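What follows is a set of notes on a single structure, which appears directly below.
What follows draws every value from the coordinates through simple rules; no lab data is involved. Predicted model only: the values in this text are computed from it and were never measured. So basically every Cβ, Gly included, is an ideal-geometry build from the backbone, and we count neighbours across all protein chains shown.
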Amino acid sequence: MASLAPALSAGPPPRGRARAHSRLVRILRWVLPMIMIGVIGVLAGLVGAHAVKRQAAARKDATTPIRMVNPHFFGRDNQGRAYTLGARQAARDEQSFQRVLLAYPSVTLDMDGAHPSTLTAESGVYHEDSRILFLKGHVRAADSKSTHFATDEATVNTRTGVVNGAGARISRTPVGQLNSRSFDVYDKGDRVIFKGGVHARLNPH
C-alpha cells in the first residue's frame, strides 16, 4: 500500500486538466473568429482601395483630353473637292468631343484643283458635326491667283468651301487693294464679296 502513494500524487488531477482544456477551447472560440474577421476586413479594405484607385484612374483617363502633334485631316466638300486641315497641335475639347481645339491651324481648300487656297491663323476650333472651322488671330488667306486677305477672324465651311471673314483690313487682289468690314469667298475664290465700308485702290493698267 505504501508504494502506491507516489503514483497517486504525480501530475494534476484529471478534473483540473479537463478544466484547463475547456478554458483553452473557450478562448480559441473567441480568438479564432476575431482573427478571421480581422483578416477578412484587411482583404476587403485592400480590394476596396484597389477598386477606388482603378475608378480614379479611369475617370482621369476619361477627362484627359486627347492631344495630337502635327495632325492632318483630309476630307471632301459637297462637290467632291479635296481639302486638308493641319495644325501644330490639336486636342479634343473637354466639354464637347465634337470640338477640336487647334494651335496654329492651316486649311487648304480645293487642294487638287488648279487654284487651291490656304488659310492660316494662330488658333482655331473645328466642329466635326457641322464641319465648320473657326479661325482667330492673324488670319491670313492666299491662293494661286495672287489674292491675299488679312483679318482677325474667319469662318471656313469645309462642307461647302465658303469662307466668311469679319474686318478684312487688307485684301490684295490682282486688280488692287481693298479694305472692308467683312468679306465672303465663293466658288473656290472666283467670287469674293466685300461688305461694309469698302475702300479700294485699283492698280493702273
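Odds and ends about this structure:
- Taking the fewest neighbouring Cβ atoms within 10 Å as the starting point, the ordered list for F134, F97, F149 is F97, F134, F149.
- Inter-label distance, nm, simple model (7 Å from Cα along the C-beta direction), M36/K136: 6.6 nm
- On the basis of the beta-carbon distance and an R0 of 22 Å, A51 and Q89 show a calculated FRET efficiency of 0.05.
- Using 0.36 nm per residue and subtracting the Cα-Cα separation, the extra length available between A114 and R26 on full extension is 22.0 nm.
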